[in-house]
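Take a look at the structure set out below.
What follows draws every value from the coordinates through simple rules; no lab data is involved. Remember, predicted model here, so these are calculated numbers, not experimental data. As a convention, Cβ positions derive from the backbone with ideal geometry for all residues, glycine included, and neighbour counts pool all protein chains shown.
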Amino acid sequence: MARPMTPEPHPRPDALVFTDLDGTLLDHTTYSFEAARPALERLRQSGIPLVLATSKTAAEVAPLHERLGLGATPAIVENGAGLYDPAAPETGGDAAYQEIRSALAALPRDLRAGFQGFGDLEAHDVATLTGLSEEAARLACKRCHSEPGLWSGTEDGKRRFLEALLGHGLSARQGGRFLTLSHGSSKADAMASLVRRFRPRLTLALGDAPNDVEMLEAADCGVIVRNDHAPPLPLLKGEDTGRITRTDRPGPEGWNDAVLAFIDRISAR
Ligand SMILES: [Mg+2]
């Protein structure tokens, strides 16, 4: 029996580019993407969608998404725990976040006491902890899918805390500073769902930090953007074959070089 025809949701792009923000597309210190403008323009001309992939919330990403002129292209937010869909920014809701908060509330008191999440803090506390302005911290607190926080208990307590959360279907990732709780999706998982949706012929991913590694390794081409403010990433799977490369220049300068070279390469085929 013939399978029913399903409509094609998007014209199939030649490529889909996934990029981390801080230290990758955005300068580590100034948060500027000025140096990447030539490559951003080439992507636009070539009809290649740019997917932002970040630990930031949808509320934090929306103004940058707008300044970059990314139109209807979704962005990966909260480290892959959610998507920001500019066509329907309000439809995501925060049900997943409320589940995390309920799971925390249901923990034995001694385990709960060791964890202080953004939801337990005022915006000005988050501003102090993160170095964000109070306004930016307010946007960082508008969470829908994940809960970052600080663990202040013992290592054994942390192990029991994480075990108890696992019983609620939650897992945790330790970043440079925050322990982030979520239902377990990574940037690479969210990337896979967008690849199924857009069906690009090729994928390019760019990042600078350990939370980008899975995404870099999952892409057809990966680019490690030089970041002089953090220890370099270890040698990744795919660097030996040239599938993953490193930029000479840091941040948006390196990003610009790598994306222009990628577009040159695919347009020469
Ligand atoms: Mg980064």
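Projecting each Cα onto the charge dipole of the chain (Lys/Arg +1, Asp/Glu -1 at the beta carbon, about the Cα centre), which of 65, 128, 216 comes out farthest on the positive side?
Positive-end residue among those listed: 216.
Could you state the number of Å between the C-alpha centres of the range 84-161 and the range 219-269?
Here the two parts' Cα centres lie 32 Å apart.
Computed on alpha carbon atoms, what radius of gyration and Dmax characterise the range 95-182, expressed in Å?
That works out to 12.6, 36 Å for Rg and Dmax.
Quick one: among 210, 108, 38, which has the greatest mean-square fluctuation in a GNM of the chain with alpha-carbon springs under 10 angstrom?
Comparing 210, 108, 38 in the GNM, the peak value goes to 108.
Stretched out fully, how many nm does the piece from residue 72 to residue 152 gain, at 0.36 nm a residue minus the Cα gap? Intermediate results must be reported in sequence, preceding the final value.
Values: separation 80, 0.36 × 80 = 28.80 nm, distance 4.09 nm.
Net length gain for the segment: 24.7 nm.
So what is the calculated 222 nm ellipticity per residue for the chain, using -39500 (n - 2.57) for each DSSP H run with n of 4 or more, over all residues, to the nearest 500 deg cm²/dmol? Can you show the working numbers first?
Details: 10 runs with 97 residues, N = 269.
Helix-only estimate at 222 nm: -10500 deg cm²/dmol.
Only counting other Cβ atoms within 10 Å, I'd like 146, 171 sorted with the fewest neighbours first.
171, 146
With the Cα gyration tensor of the chain giving a ≥ b ≥ c as the square roots of its eigenvalues, does the rule (a/c under 1.5 for rounded; else a/b larger than b/c for prolate; else oblate) give rounded, prolate or oblate?
Note, shape of the chain comes out prolate.
Give me the distance in nm between label points sitting 7 Å out from Cα along the Cα-to-Cβ direction at residue 88 and residue 217, one decimal.
3.3
Taking Cα atoms, how many degrees apart are the long axis of helix 95-105 and the longest axis of the chain, rounded to 10 and kept between 0 and 90?
Roughly 30 degrees between the two axes.
Give the shape of the range 186-262 as rounded, prolate or oblate, defined through the alpha-carbon gyration tensor: a ≥ b ≥ c are the square roots of its eigenvalues, a/c under 1.5 means rounded, and otherwise the shape is prolate if a/b is larger than b/c and oblate if not.
Judged from the Cα gyration tensor, the range 186-262 comes out prolate (a/c at least 1.5, a/b above b/c).
Apply the Kirkwood formula to the range 152-221: the hydrodynamic radius equals the inverse of the mean of 1/r over all pairs of different alpha-carbon atoms; give it in Å with one decimal. Please list the in-between numbers first.
Working: mean 1/r = 0.0710 Å⁻¹.
It is 14.1 Å.
What ranking of 163, 99 emerges when the number of other C-beta atoms within 10 Å of each C-beta is taken as an exposure proxy, fewest first?
By the 10 Å Cβ count, ascending, the order reads 163, 99.
Please list, in chain and number order, the residues 5+ apart from residue 57 or on another chain whose amide H is under 5 Å from its amide H, with Hs placed from the backbone.
Here 78 satisfy the definition.
If we count other beta carbons within 10 Å of each Cβ, what is the order of 18, 115, fewest first?
Fewest-to-most Cβ neighbours within 10 Å comes out as 115, 18.
Taking a ≥ b ≥ c as the square roots of the eigenvalues of the Cα gyration tensor of the range 2-135, is the shape rounded (a/c under 1.5), prolate (a/b larger than b/c) or oblate?
Oblate shape, in that a/c is at least 1.5 and b/c is the bigger or equal ratio.
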